[in-house]
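**Student:** Take this structure, written in structure tokens, and hold onto it; I'll ask about it next.
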Amino acid sequence: MHQDAHLIVLDKPANLLAVPGRGEKNHDSLSVRVQALFPEALIVHRLDMGTSGLLVMARTLEAQRRLGDAFARRQVHKRYVAIVQGELQSPEEAWQTIDAPLCVDWPNRPRSKIDPVHGKPSVTHWRSVAEPEAFPGLAEGFLRPAVPHSIIDLEPVTGRSHQLRVHLQSLGHPIAGDLLYGDADNHAMAPRLLLHAYALSLPHPETGALMHWHCPTHFDLLDGLPQYRTLQVPLAQRGLDRP
């Protein structure tokens, strides 16, 4: 974790809400746990409940405003790794682009869908990754069962609800363990959504300096909700290569 007087960067576990949901049973969330230690902490963006990885919170209203502006101006860059159903390859691991507008599928909420007429612009860069060693934490046997699959590196340009999940489904390769967009075979691949936000780059809200964080992937930890360890694990910083 990174923390200073202006922001906190955390590693959200899978199967934990980013913010409280409706009802007492959905109150537990990353923001609630962080605010128990840092009462002033403010949410800036979210990850789906099933998605693990890097999430930033602000420690002042001004930092929240500046970070929100950075997201709006697309000065924030995020990278994800996903395990998808079936064999999906990009030529020589080159970056490919999905440009497909998205909107909420209101009759089937909380699902989203591609809609060329009513959807908002939504763009995702992706490439296949040949070697699991490219992402620490991808242990042998991380899938249940070991069926055809692909490791995909992702960078969203926009940040629509369920964007990565719907865009990959549109290619015919939903993310493994996706209870909303996968079929029964997909659900059998893993007991969690195999999507992890492993890298984050943004301008510091006070200094403007470009900050980088990297967070190991732990898809091999599949025995339920992992212990909340974010506040004890430092995150290594490194640069991001992007398309």
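The values are calculated or read from the model by the stated rules, or taken from the named source; none is laboratory data. Here the structure is a predicted model, which means the values were calculated and not measured. Backbone-built Cβ (ideal geometry, glycine too); neighbour counts: all protein chains shown. SASA here: full protein model, heavy atoms, side chains in, ligands and nucleic acids out. Shrake-Rupley method; radii C 1.70, N 1.55, O 1.52, S 1.80 Å.
**Student:** Give the residues of region 165-178 that are over 16 Å from Gln96 (Cα atoms) and assigned to a loop (DSSP other than H, G, I, E, B), sorted by residue number.
**Tutor:** Residues satisfying the conditions are Pro174, Ala176, Gly177, Asp178.
**Student:** Tally the residues that are in a loop (DSSP other than H, G, I, E, B) and over 16 Å from Ala58 (Cα atoms), restricting the search to region 14-28. Working first, answer last.
**Tutor:** Step one: list which residues in region 14-28 are in a loop (DSSP other than H, G, I, E, B), which gives 14-23, 27-28.
Those left that are additionally over 16 Å from Ala58 (Cα atoms): 14-17, 20-23, 27-28.
Residues in region 14-28 being in a loop (DSSP other than H, G, I, E, B) and over 16 Å from Ala58 (Cα atoms): 10 in total.
**Student:** Looking at the structure I just gave you, is Leu200 open to solvent by less than 10 Å² (accessible area, probe 1.4 Å), at pLDDT 95 or above and under 13 Å from the mean Cα position of the chain (by Cα)? Write out each step before concluding.
**Tutor:** Working: open to solvent by less than 10 Å² (accessible area, probe 1.4 Å): yes; at pLDDT 95 or above: yes; under 13 Å from the mean Cα position of the chain (by Cα): yes.
Against the criterion (open to solvent by less than 10 Å² (accessible area, probe 1.4 Å), at pLDDT 95 or above and under 13 Å from the mean Cα position of the chain (by Cα)), Leu200 qualifies.
**Student:** Is there any pair with a first residue in region 207-227 that is part of a loop (DSSP other than H, G, I, E, B) and a second that is at pLDDT 75 or above and open to solvent by 60 Å² or more (accessible area, probe 1.4 Å) whose Cβ atoms are under 8 Å apart and which are 6 or more apart or on different chains, and what are they?
**Tutor:** Within 8 Å, the pairs are Leu222/Pro191; Gly224/Asn15; Gly224/Pro191; Leu225/Asn15.
**Student:** Just the residues that are closer than 14 Å to Lys113 by Cα and in contact with a Lys or Arg (Cβ under 8 Å, 6 or more places away or on another chain), please, taken from region 160-210.
**Tutor:** Scanning region 160-210 gives Arg160, His162, Val166, Pro174, Leu180, Tyr181.
**Student:** Inside region 179-197, can you point out the residues that are outside any loop (DSSP other than H, G, I, E, B), among the hydrophobic types (A, V, I, L, M, F, W, C) and open to solvent by 10 Å² or more (accessible area, probe 1.4 Å)? Quick ask: steps written out before the conclusion?
**Tutor:** Step one: of region 179-197, the residues outside any loop (DSSP other than H, G, I, E, B) are 184-187, 195-197.
Now restrict to residues that are among the hydrophobic types (A, V, I, L, M, F, W, C): 184, 195, 197.
The one that is outside any loop (DSSP other than H, G, I, E, B), among the hydrophobic types (A, V, I, L, M, F, W, C) and open to solvent by 10 Å² or more (accessible area, probe 1.4 Å): Ala184.
**Student:** Moving to a separate point now. Quick check on this structure: which one of Leu67, Leu10 is assigned to a strand (DSSP E or B), surrounded by 15 or more Cβ atoms within 10 Å (Cβ to Cβ) and either on the phi > 0 side of the Ramachandran plot or in contact with a Leu (Cβ under 9 Å, 6 or more places away or on another chain) (or both)?
**Tutor:** On the way: Leu67 fails: assigned to a strand (DSSP E or B).
Every option except Leu10 fails the conditions.
**Student:** Now, a different point. Listed residues Gly86, Gly50; which is open to solvent by less than 30 Å² (accessible area, probe 1.4 Å) and more than 20 Å from the chain's Cα centre (by Cα)? Working first, answer last.
**Tutor:** Numbers: Gly50 fails: more than 20 Å from the chain's Cα centre (by Cα).
Of the residues listed, the single one that is open to solvent by less than 30 Å² (accessible area, probe 1.4 Å) and more than 20 Å from the chain's Cα centre (by Cα) is Gly86.
**Student:** Identify all residues within region 91-107 that are farther than 12 Å from Leu171 by Cβ and touching a residue at least 24 places away in the same chain (Cβ under 8 Å); write none if there are none. Explain how you work it out, then say what you get.
**Tutor:** Residues of region 91-107 that are farther than 12 Å from Leu171 by Cβ, as a first pass: 91-95, 99, 101-107.
Result: Glu93, Ala94, Trp95, Asp99, Leu102, Val104.
**Student:** While we're looking at this one, here's another question. If you go through region 108-122, how many residues are free of Cβ contacts under 8 Å to residues at least 40 places away in the same chain and more than 17 Å from Gly172 (Cα to Cα)?
**Tutor:** So the first thing to find is which residues in region 108-122 are free of Cβ contacts under 8 Å to residues at least 40 places away in the same chain, and the list is 108-109, 115-119, 121.
Imposing the further condition that a residue be more than 17 Å from Gly172 (Cα to Cα) reduces the set to 108-109, 116-119, 121.
Qualifying residue count, region 108-122: 7.
**Student:** I've got another one for you. Looking at Glu93, Glu40 in this structure, which one is acidic (Asp, Glu), open to solvent by 40 Å² or more (accessible area, probe 1.4 Å) and at pLDDT 95 or above? So that I can check it myself, show each step before the final result.
**Tutor:** Details: Glu93 fails: at pLDDT 95 or above.
Glu40 is the lone residue from the list that is acidic (Asp, Glu), open to solvent by 40 Å² or more (accessible area, probe 1.4 Å) and at pLDDT 95 or above.
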